[in-house]
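Q: Take this structure first; my questions come after.
The values are calculated or read from the model by the stated rules, or taken from the named source; none is laboratory data. Nothing here was measured: the structure is a model prediction, and the numbers come from that model. Here the Cβ positions follow ideal geometry from the backbone for every residue, glycine too, while neighbour counts run over all protein chains shown. The accessibility values were calculated without ligands, DNA or RNA, using every heavy atom of the protein model including side chains. Shrake-Rupley method; radii C 1.70, N 1.55, O 1.52, S 1.80 Å.
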Amino acid sequence: QVQLVESGGGLVQPGGSLRLSCAASGSNFKFYAMGWYRQAPGKQRELVADITSGATTNYADSVKGRFTISRDNAKNTVYLQMTSLKPEDTAVYYCHAQTRVRDYWGQGTQVTVSS
(Lines give C-alpha, C1' and ligand atoms only; values in the text may rest on other atoms or scores of the structure.)
Protein backbone atom coordinates (compact mmCIF):
# COMPACT_ATOMS: atom_id res chain seq x y z
CA GLN A 1 0.00 0.00 0.00
CA VAL A 2 1.30 3.42 -0.99
CA GLN A 3 -0.06 6.61 0.52
CA LEU A 4 0.34 9.89 -1.34
CA VAL A 5 -0.08 13.22 0.42
CA GLU A 6 -0.15 16.41 -1.65
CA SER A 7 0.52 19.90 -0.35
CA GLY A 8 1.23 23.37 -1.66
CA GLY A 9 -2.02 24.31 -3.35
CA GLY A 10 -3.75 27.61 -2.81
CA LEU A 11 -4.94 30.85 -4.33
CA VAL A 12 -2.54 32.73 -6.59
CA GLN A 13 -2.87 35.66 -8.98
CA PRO A 14 -2.42 35.21 -12.72
CA GLY A 15 1.28 35.19 -13.56
CA GLY A 16 2.17 33.87 -10.14
CA SER A 17 3.90 30.68 -9.06
CA LEU A 18 3.22 27.72 -6.80
CA ARG A 19 5.08 24.56 -5.96
CA LEU A 20 3.15 21.39 -5.26
CA SER A 21 4.67 18.54 -3.29
CA CYS A 22 3.61 14.91 -3.03
CA ALA A 23 5.10 12.75 -0.31
CA ALA A 24 4.87 8.99 -0.77
CA SER A 25 5.03 6.28 1.86
CA GLY A 26 7.07 3.12 1.57
CA SER A 27 10.57 2.18 0.58
CA ASN A 28 10.21 1.62 -3.17
CA PHE A 29 9.52 5.17 -4.27
CA LYS A 30 12.57 5.30 -6.51
CA PHE A 31 11.09 2.55 -8.68
CA TYR A 32 7.75 4.29 -9.27
CA ALA A 33 6.72 6.41 -12.21
CA MET A 34 5.10 9.51 -10.73
CA GLY A 35 2.75 12.04 -12.20
CA TRP A 36 0.54 15.04 -11.63
CA TYR A 37 -2.99 15.17 -13.00
CA ARG A 38 -5.63 17.84 -12.67
CA GLN A 39 -9.39 18.06 -12.89
CA ALA A 40 -11.29 21.27 -13.40
CA PRO A 41 -15.03 21.53 -12.64
CA GLY A 42 -17.07 19.81 -15.33
CA LYS A 43 -14.00 18.44 -17.07
CA GLN A 44 -12.23 15.10 -17.19
CA ARG A 45 -9.06 14.47 -15.25
CA GLU A 46 -6.03 15.13 -17.43
CA LEU A 47 -2.32 14.47 -17.27
CA VAL A 48 -0.23 17.53 -16.45
CA ALA A 49 3.23 15.99 -16.22
CA ASP A 50 4.92 12.75 -15.35
CA ILE A 51 8.39 11.51 -14.52
CA THR A 52 9.78 8.01 -14.81
CA SER A 53 12.00 6.23 -12.31
CA GLY A 54 14.87 7.27 -14.54
CA ALA A 55 13.78 10.93 -14.36
CA THR A 56 12.51 11.19 -17.93
CA THR A 57 9.80 13.82 -17.99
CA ASN A 58 6.71 14.41 -20.09
CA TYR A 59 4.37 17.41 -20.15
CA ALA A 60 0.97 18.33 -21.46
CA ASP A 61 1.26 20.87 -24.27
CA SER A 62 -0.72 23.38 -22.22
CA VAL A 63 1.94 23.55 -19.50
CA LYS A 64 5.19 23.09 -21.44
CA GLY A 65 7.65 25.81 -20.61
CA ARG A 66 5.70 26.87 -17.51
CA PHE A 67 5.63 23.78 -15.26
CA THR A 68 8.49 21.57 -14.13
CA ILE A 69 8.16 18.14 -12.55
CA SER A 70 10.98 16.76 -10.45
CA ARG A 71 11.59 14.09 -7.86
CA ASP A 72 13.75 13.62 -4.79
CA ASN A 73 14.09 9.90 -4.13
CA ALA A 74 15.85 10.51 -0.82
CA LYS A 75 12.72 12.32 0.41
CA ASN A 76 10.15 10.10 -1.36
CA THR A 77 8.75 13.27 -2.86
CA VAL A 78 7.71 14.49 -6.28
CA TYR A 79 7.28 18.19 -7.02
CA LEU A 80 5.45 20.30 -9.55
CA GLN A 81 6.84 23.80 -9.93
CA MET A 82 4.22 25.95 -11.62
CA THR A 83 5.05 29.39 -13.02
CA SER A 84 3.23 31.93 -15.18
CA LEU A 85 -0.04 30.54 -13.88
CA LYS A 86 -3.22 31.22 -15.82
CA PRO A 87 -6.87 31.15 -14.75
CA GLU A 88 -7.31 28.03 -16.88
CA ASP A 89 -4.82 26.23 -14.62
CA THR A 90 -7.44 26.32 -11.88
CA ALA A 91 -8.22 22.75 -10.86
CA VAL A 92 -7.75 20.09 -8.23
CA TYR A 93 -4.29 18.64 -8.72
CA TYR A 94 -3.73 14.96 -7.98
CA CYS A 95 -0.53 13.06 -7.43
CA HIS A 96 -0.30 9.65 -9.10
CA ALA A 97 2.05 6.72 -8.55
CA GLN A 98 2.40 3.82 -10.97
CA THR A 99 3.86 0.73 -9.33
CA ARG A 100 4.35 -2.80 -10.64
CA VAL A 101 1.20 -3.92 -8.86
CA ARG A 102 -1.25 -1.03 -9.21
CA ASP A 103 -1.76 2.68 -9.43
CA TYR A 104 -2.28 5.01 -6.49
CA TRP A 105 -3.80 8.47 -6.17
CA GLY A 106 -3.50 11.24 -3.64
CA GLN A 107 -6.47 13.10 -2.22
CA GLY A 108 -5.87 16.18 -4.34
CA THR A 109 -4.97 19.79 -3.64
CA GLN A 110 -6.87 22.81 -4.94
CA VAL A 111 -5.09 25.36 -7.11
CA THR A 112 -7.03 28.52 -7.89
CA VAL A 113 -5.64 31.18 -10.20
CA SER A 114 -7.64 34.37 -9.90
CA SER A 115 -7.22 38.08 -9.39
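Q: How big is the antiparallel share of DSSP beta bridges in the chain, given as a percent to the nearest 5?
A: Details: 37 of 40 bridges.
Of those bridges, close to 90 percent are antiparallel.
Q: Ok, one more. Over the chain, average the accessible area per residue using a 1.4 Å probe and give it in Å², no decimals. Mind dumping the intermediate values first?
A: Numbers: 6250 Å² over 115 residues.
Here the residues of the chain average 54 Å² of exposed surface.
Q: Round to the nearest 10 and report in Å² the accessible area of Glu88, as given by a 1.4 Å probe over the protein chains' heavy atoms.
A: 130 Å²
Q: What Kirkwood hydrodynamic radius, in Å, does the chain give when the mean of 1/r is taken over all pairs of distinct Cα atoms and then inverted? Show your work: numbers first, answer last.
A: Working: mean 1/r = 0.0713 Å⁻¹.
For the chain, the Kirkwood estimate is 14.0 Å.
Q: Enumerate the aspartates and glutamates that Lys43 could reach by cross-link, defined here as Cα to Cα under 14 Å, with residues fewer than 8 away along the same chain left out.
A: Leaving aside aspartates and glutamates fewer than 8 places away in the same chain, those within reach of Lys43 are Glu88, Asp89.
Q: Going through the stretch 1-100, which trypsin sites (Lys or Arg not before Pro) have at most 12 other Cβ atoms within 10 Å and a DSSP loop state?
A: Values: sites: Arg19, Lys30, Arg38, Lys43, Arg45, Lys64, Arg66, Arg71, Lys75, Arg100; in loops: Lys43, Arg45, Lys64, Arg66, Lys75, Arg100.
Taking the stretch 1-100 and a limit of 12 other Cβ atoms within 10 Å, the loop trypsin sites (Lys or Arg not before Pro) found are Lys43, Lys64, Lys75, Arg100.
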